[in-house]
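Trainee: A single structure is presented below for examination.
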Amino acid sequence: MADFDLPELKEYTEPPRLVEGAMGHLRTYPAAPAHQEALGFPGELVEGWHDKAIEKFDELLGQSRSLRVYLDACVRCGACTDKCHYFLGTGDPKNMPVARQDLMRKVYRRHFTLAGKWFPWLVGAADLTEEVLDDWYNYFHQCSQCRRCSVYCPYGIDTAEISMAAREIMDHIGKGQKYCNEIIAKVHKIGNNLGLQEPALANTLEGLEEDIEEETGVKVRLPLDEKGAEVMLVAPSADFFAEPHVDGLIGYAKVFHQAGVSWTISSYASEAANFAMFIGSYEQMHEVAQRIRKAALDLGIKRIVVGECGHAWRVAYSFWNTLAGPFDFLDPNYPVPQHVCEFTYEQIQKGALKLDKSANDHMTLTFHDSCNVARASRMGDRPGGQFEIPRAILKACCNNFVDMPADTIRDATFCCGGGGGLLTDDLLELRVKGAQPRMQALKQVADEHGVTHMASICAICKSQFTKVMPDYGFDMDSVVSLHQLVSNAIVLDGQAEAAAGPEEETEETAAAGQAGP
Amino acid sequence: MLTAAYAVLFYAASLLLAGGLAYKIWQYTKTPAPLKIPTTPAPLTLPGVALRMGRELALFESLFRSNKWTWLFGWMFHFALLLVLLRHLRYFTEPPWTWVVLLQPFGLYGSFAMLAGLLGLWLRRVAVERIRYITGPSDHVMLLLLCGIAVSGFAMRYVDRVDIVALKAFVLGLMYFDWQPLPADPVLLVHLGLVAALMAVFPFSKLLHAPGIFFSPTRNQADNAREKRHLAPWAAKFESTGK
Ligand code: SF4
Ligand code: SF4
């Protein structure tokens, strides 16, 4: 299907030779005027865009310490050059983190530093020409804001911060991206990325309740807009219908059921995702996050639990308190918000869940750490809980678990290739190539340890992998939701023991696989 | 004449260095970080952050994880430079502090290590394709400057010994605004000229990584977003009033 060459999977990660301009042709679809204007951005490239861009640049420099410091501090040591999955997968030198930053840094130098004003040739300063702007558009939309480069930079320079700022500037001169901006507008209007209306949502949840009852004989509820529930679950909307996401949602429902905690989904805030982070807009991110606060207040819930979604968990964990806090009206005995993994883990610790590991015996599993969870958030009360807790859940739910090589997991994890607002078909070439480092690590454990499935706790990762894995010779249903494994293993009170047997589970999983995304 | 020229040169360079750095530090301080963005796993408390920062400063921890060669050369250069700088304190103190005197022989090894580190880094700039791609003229100029300082320093010790008593008198004279003649040794003049140049370009170049690292939000923030509300002054305008 691909009209480009697939990168090869090798024995180990090896930086490719540079191929200048290898990805220069790839330009994500621009936002239509309607998508732009819905967010208050100009519909198309404005008159005098150059001066307006510099003006916005100046404003951001005054608002963001990271931007200011990172544009100054890079010594071009090259430590980050071989850390980006998009560089590793494409060989395009402008996908090396420092080179990506330099696209913006050269304009910074030209306009905001003495050296760049007086000796542009010496320090590599350049004007923001149309050509440079095009490079910005192409290459700042080839960064998934995964922060892997930041881990390895001696000064912690985070290219994600630069990409976000660049996208923010471009939005303000009318050069936004279709995928993100269209979606954000949908959230403002309807409450979720998919534009799923309340009746459709209610219908879906009802259907899932029926499915669970059919499968287990137990009535497990998936409540919508129930005032006074203890917990409000905020899940990525993909959990409502996409595969394997929905199996995760079923897993959360079973855990809540078994924990005996009343819970609800909100139709007003039916989306954990906050794509405004990808376009670097504090204002948009704030507006999207405020929906959560409003829903929590309206429903009178006491705790907020966030479903499996990487960037959403970053926004929730790291930013919600800033954007939509203080949450002093919620139960102070629990952190706000909590990750569904934290919730489930606590139940496992308490012994509240009966888990039959053999239900997952038909799989040998590995775990994909999602970038935003791994490098931009935490779970539990210790640093690194974001690695330990999901693995602890996995190990409680299955007998066969193997980690991928150490330099590709935990905070060294490779992006799935589709994060940061790039999960769109017009960037498919980038997505496939950017998945190469992860696929290589997976292939290694598949070959050496017979790994058959990879669990993930991110809606974007799951969608991206289902799409690109077949290109690398894996089944598209070899990516599974973490809570899908919980769902398989959990034995509900009153559930006929036999029904939870491995044969039954295998059938169910196979059926889910056929359904496809 | 020569003495006056170098005296003025050093006063100017010192002013640029101090003024420029103070301005940048003031600028970094007053620019808020609107969101919590530590690269996780991150320490949960301030002492933890100090420890993380300490490891970065003393051991170049992230660089070590990243690339062993760059780490080796980079670490060697920086710590040798530190030794050499401390060794030079003897020109600024009369009588020299005891620990500075004790340091002298090590400082000497330091200058070799410094040059070796610099040459290693330079070699990588030329030999590794990826690093060659991101290297610009100013990166070479900076290495040239530093190597020039190191080599002229060597030369004064091993080839063309300077009158260090007179030199020290000149330096102390600068400090107490009581100028003493500068020995007219060409190698010394080159050495001092390059040092002044380095001081002057410091706040206008990538040498800003030195103050910059202290202000890097991914490294200097504690991971406590859920426990402690963080709000930038400019972002307060978005706060909703009612509940
Ligand atoms: S690792 Fe950091 S300092 Fe080194 S080149 Fe990359 S961004 Fe610049
Ligand atoms: S944030 Fe991730 S995608 Fe962006 S440059 Fe860094 S490593 Fe590459």
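Trainee: Among the residues of the stretch B:154-165, is there at least one that is within 14 Å of chain A (Cβ to nearest Cβ) and crowded, with 16+ Cβ neighbours inside 10 Å?
Mentor: no
Trainee: Let me ask something else about it. Please note which helices (runs of 4 or more DSSP H) are completely contained in the stretch A:1-111 and include at least 1 residues that are touching a Lys or Arg at 6+ places or on another chain (Cβ under 6 Å) and β-branched (Val, Ile, Thr).
Mentor: Passing ranges, in order: A:85-90.
Trainee: Another question about this same structure. Are any residues in the stretch A:382-439 surrounded by fewer than 20 Cβ atoms within 10 Å (Cβ to Cβ), small (Gly, Ala, Ser) and away from chain B (no Cβ under 14 Å), and if so, which ones?
Mentor: A:Ala392, A:Ala396
Trainee: Scan the stretch B:127-149 and report the pairs whose first residue is facing chain A (nearest Cβ under 9 Å) and whose second residue is more than 16 Å from ligand 2 (Cβ to nearest atom) and open to solvent by 30 Å² or more (accessible area, probe 1.4 Å), with Cβ atoms within less than 6 Å and a gap of 6+ or a chain change.
Mentor: Hits for this filter: B:Ile131/B:Arg124; B:Gly136/A:Gly124; B:Pro137/A:Leu122; B:Ser138/A:Leu122.
Trainee: A further question follows. When the residues of the stretch A:122-152 are narrowed to those that are over 24 Å from A:Leu423 (Cβ atoms) and in contact with a Ser or Thr (Cβ under 8 Å, 6 or more places away or on another chain), which ends up nearest to ligand 1 (Cβ to nearest atom)?
Mentor: A:Tyr152
Trainee: Further question: Among the listed residues A:Val69, A:Val75, which satisfies the condition of being open to solvent by 10 Å² or more (accessible area, probe 1.4 Å), at the interface with chain B (Cβ under 7 Å from one of its Cβ atoms) and not basic (Lys, Arg)?
Mentor: A:Val75
Trainee: Which pairs have Cβ atoms under 8 Å, sit 6 or more apart or on different chains, and link a residue in the stretch A:77-106 that is among the aromatic types (Phe, Trp, Tyr) to one that is open to solvent by less than 10 Å² (accessible area, probe 1.4 Å) and within 10 Å of ligand 1 (Cβ to nearest atom)?
Mentor: A:Phe87/A:Thr81; A:Phe87/A:Met96; A:Phe87/A:Pro97
Trainee: Follow-up question, since we're still on this one. So, of the residues in the stretch A:59-68 that are touching a residue at least 40 places away in the same chain (Cβ under 8 Å) and within 15 Å of ligand 1 (Cβ to nearest atom), which turns out to be nearest to A:Ala125 (Cα to Cα)?
Mentor: Among them, the one singled out is A:Leu67.
Trainee: Here is a further query. From the set of residues in the stretch A:27-51 that are out of contact with any helix residue (DSSP H, G or I) (no Cβ under 7 Å at 6 or more places or on another chain) and open to solvent by 80 Å² or more (accessible area, probe 1.4 Å), which is nearest to the other protein chains (Cβ to nearest Cβ)?
Mentor: A:Glu37
Trainee: If B:Trp234 satisfies all but one of (1) surrounded by 19 or more Cβ atoms within 10 Å (Cβ to Cβ); (2) touching a helix residue (DSSP H, G or I) at 6+ places or on another chain (Cβ under 8 Å); (3) within 14 Å of chain A (Cβ to nearest Cβ), what's the number of the condition it fails?
Mentor: (1)
Trainee: Hey, does the stretch A:84-100 have a residue that's open to solvent by less than 10 Å² (accessible area, probe 1.4 Å) and out of contact with any helix residue (DSSP H, G or I) (no Cβ under 8 Å at 6 or more places or on another chain)?
Mentor: Taking every residue of the stretch A:84-100 in turn, at least one turns out to be open to solvent by less than 10 Å² (accessible area, probe 1.4 Å) and out of contact with any helix residue (DSSP H, G or I) (no Cβ under 8 Å at 6 or more places or on another chain).
Trainee: Regarding the stretch A:379-396, can at least one residue be identified that is farther than 30 Å from B:Glu227 by Cα and either assigned by TED's automatic domain parsing to the domain that holds A:His362 or in a loop (DSSP other than H, G, I, E, B) (or both)?
Mentor: There is no residue in the stretch A:379-396 that is farther than 30 Å from B:Glu227 by Cα and either assigned by TED's automatic domain parsing to the domain that holds A:His362 or in a loop (DSSP other than H, G, I, E, B) (or both).
Trainee: Also, quick follow-up: When the residues of the stretch A:101-134 are filtered to those that are among the charged types (D, E, K, R) and under 20 Å from A:Leu61 (Cβ atoms), which remaining residue is least open to solvent (accessible area, probe 1.4 Å)?
Mentor: Checked the stretch A:101-134; the qualifying residue least open to solvent (accessible area, probe 1.4 Å) is A:Arg105.
Trainee: Same structure, new question: Here are some conditions: (1) open to solvent by 20 Å² or more (accessible area, probe 1.4 Å); (2) within 14 Å of chain B (Cβ to nearest Cβ); (3) closer than 23 Å to A:Val306 by Cβ. A:Ser463 meets all but one. Which one does it not meet?
Mentor: (2)
Trainee: For the stretch B:52-99, what are the residues that are among the charged types (D, E, K, R) and more than 14 Å from every other protein chain (Cβ to nearest Cβ)?
Mentor: Once the filter is applied, which keeps residues that are among the charged types (D, E, K, R) and more than 14 Å from every other protein chain (Cβ to nearest Cβ), the stretch B:52-99 yields B:Arg87, B:Arg90, B:Glu94.
Trainee: If you don't mind, another one. Of the conditions (1) touching a helix residue (DSSP H, G or I) at 6+ places or on another chain (Cβ under 6 Å); (2) in a loop (DSSP other than H, G, I, E, B); (3) more than 13 Å from chain B (Cβ to nearest Cβ), A:Gln145 clears all except one; give me its number.
Mentor: (3)
Trainee: Conditions: (1) away from chain B (no Cβ under 11 Å); (2) more than 16 Å from A:Glu308 (Cβ to Cβ); (3) in contact with a strand residue (DSSP E or B) (Cβ under 6 Å, 6 or more places away or on another chain). A:His368 meets all but one. Number of the miss?
Mentor: Every listed condition holds for A:His368 apart from (2).
Trainee: How about the stretch B:36-47: which of its residues are more than 7 Å from every other protein chain (Cβ to nearest Cβ) and assigned to a loop (DSSP other than H, G, I, E, B)?
Mentor: B:Pro38, B:Thr45 - these are the residues of the stretch B:36-47 that are more than 7 Å from every other protein chain (Cβ to nearest Cβ) and assigned to a loop (DSSP other than H, G, I, E, B).
Trainee: Looking at (1) out of contact with any strand residue (DSSP E or B) (no Cβ under 7 Å at 6 or more places or on another chain); (2) within 16 Å of ligand 2 (Cβ to nearest atom), which is the one condition that is false for A:Gly116?
Mentor: The failed condition is (2).
Trainee: Give the residues of the stretch B:64-100 that are within 16 Å of ligand 2 (Cβ to nearest atom) and either hydroxyl-bearing (Ser, Thr, Tyr) or open to solvent by less than 50 Å² (accessible area, probe 1.4 Å) (or both), sorted by residue number.
Mentor: B:Ser66, B:Asn67
Trainee: Only one of B:Ala50, B:Ala22, B:Ala58, B:Ala33 is open to solvent by less than 50 Å² (accessible area, probe 1.4 Å) and either assigned to a helix (DSSP H, G or I) or more than 25 Å from A:Ala160 (Cα to Cα) (or both); which?
Mentor: B:Ala58
The values are calculated or read from the model by the stated rules, or taken from the named source; none is laboratory data. As the structure is a computational prediction, the values presented were derived from the model and not from experiment. Using ideal geometry, Cβ is built from the backbone for each residue, glycine included, and neighbour counts are taken over all protein chains shown. Just so you know, the surface numbers come from the protein's heavy atoms only, side chains and all, with ligands and any DNA or RNA stripped out. Shrake-Rupley method; radii C 1.70, N 1.55, O 1.52, S 1.80 Å.
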